[in-house]
Amino acid sequence: MTVKLLITVGMLLAFASLLSGKDKIKLFYPVAAIDSSLKKDAWAVCRDYQKEFVILNYGKAIERVHIVITILEKRGDDLGSLVLFYDKSTKINSISGKSYNMLGIPDEKLKNDAIQDLNYTSEGAVYDDLRMKKASFSGNIYPCTVEYNYEIEHNGLINYPEWKPMDDYRLSVEKTSFQISYPDSIAIRFREFHLPAGCRTEKHENGLHSIEWKLDSLKAWREEPYSPELYLETPHVITAPTKFIYEGYSGSMNTWKDYSQWQSKLNEGRDQLSPQRQNEILELVKGIKDTTQIIRKLYGYMQNRTRYVGIQLGIGGLQPFPAETVDRLGYGDCKALSNYMKALLKAVGIPSLYTVAGAADNQGITMVDFPSNAQSNHIILCVPLRRDTIWLECTSQRAPFGYLSTSTAGRKALNITSEGGNVVSTPLLTASQNSQECKAEVQVNPDGSIQATVKTKYSGYQYDNISENLIESKKEQEKALYSNLSIAGMVISDFSYEVKKDRIPQAVETINLMAPAFASKTGSRLFIPLNIFNQIKTIPARIENRKMPVYRDYAYIDKDSVTFHLPKGFNAESTPRGKTLTSEFGEYSCSITLKDDMVTYIREMKMNRGTWPKERYSALVDFYSAIVSADKVKLVMKEEVK
């Protein structure tokens, strides 16, 4: 006989409350005290998050943080870990921590051997002084609570902190505060986003100014399809200096012009090449009259002679290696390689601009009237010509000439000049430039098998869909084709690629294949799916009470033309009608033409770039639902009776 003992949280709390005297247990952050509204959609709850930033002078500050996280389930483990980055300008003075069980009874203290000190080295890095400390508790009983306290000493202040209490999905917040204090002699700047009225207070005592923000009861957000970055829609505060000192270099950030002049001084004299290299470069482009072709030639030279490495030296990774150093060693990071390319162009009399930009999750300059170093994480090169501007991504040995991918395209960036920088926009390709065009010839046999030749041209940002596959082995390329096409029983007999690396790059993929049972046969009928190679099969999930706007970062167009050669002795029982769909999100059309023993299926789908109110999400789902339905179109053929 098995006896099950059921102990509820309430029973355990009652038991704990009975303890008295020397056995009295003090409870910390009991899970039962969490409001039920904060548990909805949450994997973890931040019980308390206090951040304090004390500015001592233009070059030094102390940061103190106290944070308590209750992990509700295993999926919230990462939300309960602590990761702190540091380098030679950032010193972690202390880290401490405790854990508690679900009742709030202390469980264990964070031991020194549970704090990992790791070298945070990016792929291919040669020089890297960026490190991180990582701490976590190893409990596997949920819910549980972890508490951390740490202090960081900053020596060099080009950045002030950002306060993002909700920087993760599935995390709710009970209470949080951020305080920044500084002497009267120092001026700071801040920008608030999505904050309720009355959450900020200011004090001034004994020559010290302080600003504090407080929030509570922030409910967790779930991931939502087609949405912008979470922090853009949730409460946060950005702070920044006016004047700063960073590793001995003083500067001002009141305007982008000030910041540009500071960066220009860091770069001064670093775009020089040896006389021997300059002579070699002049000889390399001798006889080429077209300026664009000279730039292309030197860009290829740079790519062939260098490789990318992650470098966190210089002054915190803000100053590029001298061009002569890159020329001698053959490697550099985005700063060094862009500066090296600048030096190559300078050697032949072509001026260019070192450009501070945002890449990947960093959206670049989103606040034109609020200069800050945090609005960038990458360097590219701008080459202004009389009637054109060429942009160069210098970190990749495979990047097409003059092409900026979606990682940096369509964002505001800062061109660095000694007189003062200019905020400019990097180019963004249009829908027609970001195209995928498929043309196919398909022979359908009486038994439902097919042989097909498929030629697909990927252009613009759609080139990026296969660019990584282009450098793989033949075996890996074939493996990717089988995965992408997903045609039952398909056998690829041959495939090839033709690549054109240009400002709008292109790759043409040609495949010869067969499939034994593509068209299903029932009795005397053949059912032939017409959209073989580009069918949309999934519909975005419907979401009640959506919080995020609808967002798509670039536009594109797909065009498909498939000609089916039908088997002899079969006639079309019915010809499907075409379909046209028009929406604010894009356009879709397909048509089916039957002539003799051939059927031509033409499909075109254009998706727009933009941001739409969250209320329009259901319309987007309806649009995709209609496309999925239209993509299922089939031709029914019936065998002639003999």
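Brief remarks on what is shown
- Among the residues of region 554-588, those that are within 29 Å of Ala360 (Cβ to Cβ), crowded, with 16+ Cβ neighbours inside 10 Å and out of contact with any Asp or Glu (no Cβ under 9 Å at 6 or more places or on another chain) comprise Tyr554, Ala555, Tyr556, Phe585, Gly586.
- Some residue of region 341-351 being part of a loop (DSSP other than H, G, I, E, B) and surrounded by 21 or more Cβ atoms within 10 Å (Cβ to Cβ): no
- Tabulated pairs, region 85-105, first at positive phi, second among the aromatic types (Phe, Trp, Tyr) and assigned to a loop (DSSP other than H, G, I, E, B), C-beta under 7 angstrom, 6+ apart or interchain: Gly104/Phe28; Gly104/Tyr29
- Residues satisfying the stated conditions in region 536-593, i.e. part of a loop (DSSP other than H, G, I, E, B), free of Cβ contacts under 8 Å to residues at least 60 places away in the same chain and within 29 Å of Lys457 (Cβ to Cβ): Pro576, Arg577, Gly578, Glu584, Phe585
- Residue within region 2-21 that is modelled with pLDDT under 95, of a type in the set (Val, Ile, Thr), outside any strand (DSSP E or B) and closer than 20 Å to Lys109 by Cβ present: no
- When restricted to residues that are in contact (Cβ under 8 Å) with a residue 40 or more places away in the chain and among the aromatic types (Phe, Trp, Tyr), region 387-418 contains 2.
- Residue check for Thr408: part of a loop (DSSP other than H, G, I, E, B), touching a His at 6+ places or on another chain (Cβ under 9 Å) and at pLDDT 95 or above: yes
- From the list Arg616, Arg603, the one residue that fits, being in contact with a helix residue (DSSP H, G or I) (Cβ under 9 Å, 6 or more places away or on another chain) and under 30 Å from Arg552 (Cβ atoms), is Arg603.
- Subset of region 334-345 (residues that are modelled with pLDDT of 95 or more and closer than 27 Å to Gly251 by Cα): Leu337, Ser338, Asn339, Tyr340, Met341, Lys342, Ala343
- Counting only helices (runs of 4 or more DSSP H) that sit wholly inside region 219-337, those with at least 2 residues that are under 31 Å from the mean Cα position of the chain (by Cα) are 256-267, 291-305, 323-329.
- Ala336 passes every criterion in (1) within 26 Å of Glu229 (Cα to Cα); (2) buried (at least 24 other Cβ atoms within 10 Å of the Cβ) apart from (1).
The values are calculated or read from the model by the stated rules, or taken from the named source; none is laboratory data. Since we're looking at a predicted model, the values are computed, not measured. A quick note on method: Cβ atoms are made from the backbone with ideal geometry, for glycine too, and the neighbour counts reach across all protein chains shown.
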